[in-house]
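*Asks:* Have a look at the structure that comes next, please.
The values are calculated or read from the model by the stated rules, or taken from the named source; none is laboratory data. Owing to the predicted nature of the structure, the values given are computational and were not obtained by experimental measurement. Quick reminder, even Gly has a Cβ in these numbers, built from the backbone with ideal geometry, and neighbours come from all protein chains shown.
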Amino acid sequence: MARAVSPRRKWSFTVLAWIVALLLFFPILWTILTSFKTEGDAILFPPAFLPPHWTLENFVEVQDRSNYFKHFFNSVVISIGSTLLGLVITVPAAWSMAFSPTKRTKDILMWMLSTKMMPAVGVLVPIYLIFKSLNLLDSLFGLTIILMLINLPIMVWMLYTYFREIPVDILEASRMDGAVLWKEIVYVLLPMAIPGIASTMLLNIILAWNEAFWTLNLTAANAAPLTAFIASYSSPEGLFWAKLSAASTLAIAPILVIGWFSQKQLVRGMTFGAVK
Amino acid sequence: MATQNTRKLARAMLTPSVVILFVWMIVPLVLTLWYSFQSYNLLNPVNNGWAGFSNYYYFLTDPSFTEAFVNTLVLTISVLAITVIGGIFLALLLDQHIVGQGIVRILVISPFFIMPTVAALVWKNMLMDPNYGIFAWLATRLGFAPIAWLQDYPLFSIILIVAWQWLPFATLIIFTALQSLDEERKEAASMDGAGAINLFFYIVLPHLARAITVVILIETIFLLGVFAEILVTTGGGPGFASTNIAYLVYHQALLDYDVGGASAGGVVAVILANIVAFFLVRIVGKNLDA
């Protein structure tokens, strides 16, 4: 970092970086701006960059016409539900592999990773038929289970890489002091594991919120989360750009904010701990 | 330290995850295999029975399969190429001394958090629409005729959309790896008279190898299964011009209600993915030996 940088070099890279960043961000910015336009202003040509008449009407209408918050709520339920359910199952597994590894631990981890390679379409038909016969189609419960299952390997991996960094020596020390197992876990290990668990939660919520294969194929009007609800705007008669933008802005805002705060965890989780 | 008891406990803690994942892997897969040998159409429930390999025969010999297969390859490889090469450049750029680096990074990473249906519909309508879209406006400003992107270049349009979603991911991973590169090593090399190009190829790129491998692995998993972006933009068309294998199987299953045919397609998709996985998991496994 001590390298001397000529101001000219610094400013030209700064300008270049900002141009590229703004170009990449533009579709998002445009969506947000369009959500505050009237439908007429949204399709002005040449386009008006800032809304000529700012309005909140689109947000109101999206809610009135299609009960937007029901779908928003569905997204919240399935992403938080699948994450919590997944944690209950994966925390013990990752814990066990990190603290009592056996010869097969690495094989199990690689096997879990390889299950992620299974294409969803390979099991679409039976899952659809099973859901149909169990009356789980278009239900939040069924969708929560599926999202938990598809993210299970990522959760195990991510937790494992965090847990493995907890120094085991500290256990020996507390054992010397005569701590019993549950005390060991509650007072010594858990506080050190919390950050890893929290990061895993965040990444999993992001992945579940944006999942768009099973949510589209297994839901209809009732349990549709935002991914599926937004898809309904693809029909030609639904081409109201301002309303599409309003619905989209609300759908992406929470995850965008969570994402900004969890860039580091994202790198770790999505690369199975290989890049930190 | 590992007594008999803790070992038992460890196994008990691990078992639920393994069993659940195993069941989730095996049961649907066996069912898919079973259906793939049945003639079974939800619209025609009378004509059921053993079909032998005929589902596979029809699926594999249909011209739509070849087209979807090629499209899958083109889509996956193009997006990989764009995002990896673009990601390296962007990461190098972000690694410079720039003013407002934190905000720039947030702007660059943002597209990754946009749900696929939103990303695809925003591009389809507000950017690519030939009448009112931003691209049409740019084209007319530059003196060209506006292009009907999704009608005339459907696969290319989808590649653009998907690459926009994944470029941030590649950038972020490569950037993170770049930051762990020793500044002193770079300085030592440049003092030895290494130019920027040599520095990049002999010091920087080898350091990034692992990160790039991981980017390719993760992206391949997701890119082979691109679905929502196709569903809401082109619906796989015109014809099968933008249909990939994932979309083709969906089409047979939930639009044609052909359970047997779709299952055969599903099995083919699994086999293809496994061929890719065989190599990728091996490479990553080697890289993860730490």
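*Asks:* Taking the stretch A:11-62 only, how many residues are among the small types (Gly, Ala, Ser) and at pLDDT 85 or above?
*Replies:* Here is the first cut: in the stretch A:11-62, the ones among the small types (Gly, Ala, Ser) are A:12, A:17, A:21, A:35, A:40, A:42, A:48.
Among the residues that remain, those that are also at pLDDT 85 or above are: A:12, A:17, A:21, A:35.
The total comes to 4.
*Asks:* Something else: Only one residue in A:229, A:261 is in contact with a helix residue (DSSP H, G or I) (Cβ under 9 Å, 6 or more places away or on another chain) and more than 26 Å from residue A:140 (Cα to Cα), so which one is that?
*Replies:* On the way: A:229 fails: more than 26 Å from residue A:140 (Cα to Cα).
On inspection, the qualifying residue turns out to be A:261.
*Asks:* Okay, next question. Does any residue of the stretch A:242-250 turn out to be facing another protein chain (nearest Cβ under 7 Å) and farther than 14 Å from residue B:125 by Cβ?
*Replies:* Let us first name the residues in the stretch A:242-250 that are facing another protein chain (nearest Cβ under 7 Å), namely A:244, A:248.
In the following step, the residues that additionally are farther than 14 Å from residue B:125 by Cβ were identified as none.
Checked the stretch A:242-250: no residue is facing another protein chain (nearest Cβ under 7 Å) and farther than 14 Å from residue B:125 by Cβ.
*Asks:* Hey, another quick one. Quick check on this structure: which one of B:72, B:117, B:32 is assigned to a helix (DSSP H, G or I), within 11 Å of chain A (Cβ to nearest Cβ), among the β-branched types (Val, Ile, Thr) and within 30 Å of residue A:43 (Cα to Cα)?
*Replies:* On the way: B:72 fails: within 30 Å of residue A:43 (Cα to Cα); B:32 fails: within 30 Å of residue A:43 (Cα to Cα).
Step by step, each of B:72, B:117, B:32 is checked, and only B:117 is assigned to a helix (DSSP H, G or I), within 11 Å of chain A (Cβ to nearest Cβ), among the β-branched types (Val, Ile, Thr) and within 30 Å of residue A:43 (Cα to Cα).
*Asks:* Take residue B:78 and decide whether it is in contact (Cβ under 8 Å) with a residue 24 or more places away in the chain, hydroxyl-bearing (Ser, Thr, Tyr), surrounded by fewer than 19 Cβ atoms within 10 Å (Cβ to Cβ) and not in a helix (DSSP H, G or I).
*Replies:* Details: in contact (Cβ under 8 Å) with a residue 24 or more places away in the chain: yes; hydroxyl-bearing (Ser, Thr, Tyr): yes; surrounded by fewer than 19 Cβ atoms within 10 Å (Cβ to Cβ): yes; not in a helix (DSSP H, G or I): no.
Considered against the rule, which asks whether it is in contact (Cβ under 8 Å) with a residue 24 or more places away in the chain, hydroxyl-bearing (Ser, Thr, Tyr), surrounded by fewer than 19 Cβ atoms within 10 Å (Cβ to Cβ) and not in a helix (DSSP H, G or I), residue B:78 comes out as no.
*Asks:* Related question: Taking the residues in the stretch B:38-69 that are of a type in the set (Gly, Ala, Ser) and part of a helix (DSSP H, G or I) as candidates, determine which candidate is nearest to the chain's Cα centre (by Cα). It would help to see each step written out before you state the result.
*Replies:* Looking only at the stretch B:38-69, we keep the residues that are of a type in the set (Gly, Ala, Ser), and these are B:39, B:49, B:51-52, B:54, B:64, B:68.
Those left that are additionally part of a helix (DSSP H, G or I): B:54, B:64, B:68.
Details: B:54: 30, B:64: 21, B:68: 15 Å.
Among those that are of a type in the set (Gly, Ala, Ser) and part of a helix (DSSP H, G or I), it is B:68.
*Asks:* Another question about this same structure. Quick check on the stretch B:188-199. Is at least one of its residues in contact (Cβ under 8 Å) with a residue 12 or more places away in the chain and surrounded by 21 or more Cβ atoms within 10 Å (Cβ to Cβ)?
*Replies:* Within the stretch B:188-199, the subset in contact (Cβ under 8 Å) with a residue 12 or more places away in the chain is B:189, B:199.
Checking which are surrounded by 21 or more Cβ atoms within 10 Å (Cβ to Cβ) leaves us with none.
No: zero hits.
*Asks:* Quick check on the stretch A:1-43: of everything there that is exposed (fewer than 14 other Cβ atoms within 10 Å of the Cβ) and outside any helix (DSSP H, G or I), which residue is nearest to the other protein chains (Cβ to nearest Cβ)?
*Replies:* Among those that are exposed (fewer than 14 other Cβ atoms within 10 Å of the Cβ) and outside any helix (DSSP H, G or I), it is A:5.
*Asks:* A further question on this structure: Out of the stretch B:84-99, which residues are farther than 19 Å from residue B:160 by Cβ and facing chain A (nearest Cβ under 7 Å)?
*Replies:* Matches in the stretch B:84-99: B:93, B:94, B:96, B:97, B:98, B:99.
*Asks:* For the stretch B:211-237, what are the residues that are facing chain A (nearest Cβ under 7 Å) and part of a helix (DSSP H, G or I)? So that I can check it myself, show each step before the final result.
*Replies:* Here is the first cut: in the stretch B:211-237, the residues facing chain A (nearest Cβ under 7 Å) are B:211, B:214, B:218, B:221, B:224-225, B:227-228, B:231-232.
Within the stretch B:211-237, B:211, B:214, B:218, B:221, B:228, B:231, B:232 qualify.
*Asks:* Kindly evaluate residue A:50 against the criterion of being more than 7 Å from every other protein chain (Cβ to nearest Cβ) and outside any helix (DSSP H, G or I). Spell out the reasoning first.
*Replies:* Values: more than 7 Å from every other protein chain (Cβ to nearest Cβ): yes; outside any helix (DSSP H, G or I): yes.
Considered against the rule, which asks whether it is more than 7 Å from every other protein chain (Cβ to nearest Cβ) and outside any helix (DSSP H, G or I), residue A:50 comes out as yes.
*Asks:* May I ask you to list the residues in the stretch A:211-227 that are part of a loop (DSSP other than H, G, I, E, B) and either closer than 16 Å to residue A:65 by Cβ or not assigned by TED's automatic domain parsing to the domain that holds residue A:151 (or both)? Before you say what the answer is, go through the steps one by one.
*Replies:* Narrowing the stretch A:211-227 to residues part of a loop (DSSP other than H, G, I, E, B): A:211-213, A:219-225.
Within the stretch A:211-227, A:221, A:224 qualify.
*Asks:* For residues in the stretch B:272-290 being in contact with a Ser or Thr (Cβ under 7 Å, 6 or more places away or on another chain) and at the interface with another protein chain (Cβ under 8 Å from one of its Cβ atoms), which is modelled with the lowest pLDDT? Outline the logic, then answer.
*Replies:* Quick first cut of the stretch B:272-290, residues in contact with a Ser or Thr (Cβ under 7 Å, 6 or more places away or on another chain) only: B:276-277, B:280-281, B:283-284, B:287.
Add one more test, that the residue is at the interface with another protein chain (Cβ under 8 Å from one of its Cβ atoms), and what stays is B:276-277, B:280-281, B:284, B:287.
Details: B:276: 82, B:277: 79, B:280: 73, B:281: 69, B:284: 64, B:287: 60.
Across the stretch B:272-290, the extreme among qualifying residues is B:287.
*Asks:* Go over the candidates A:230, A:194, A:206 one by one and state the one that is away from every other protein chain (no Cβ under 11 Å) and assigned to a helix (DSSP H, G or I).
*Replies:* Step by step, each of A:230, A:194, A:206 is checked, and only A:194 is away from every other protein chain (no Cβ under 11 Å) and assigned to a helix (DSSP H, G or I).
*Asks:* Please find, among B:178, B:254, the residue that is surrounded by fewer than 24 Cβ atoms within 10 Å (Cβ to Cβ), closer than 28 Å to residue A:27 by Cβ, among the aliphatic types (A, V, I, L, M) and within 14 Å of chain A (Cβ to nearest Cβ). Steps first, answer last, please.
*Replies:* Numbers: B:254 fails: closer than 28 Å to residue A:27 by Cβ.
Just a single option satisfies the conditions, and that option is B:178.
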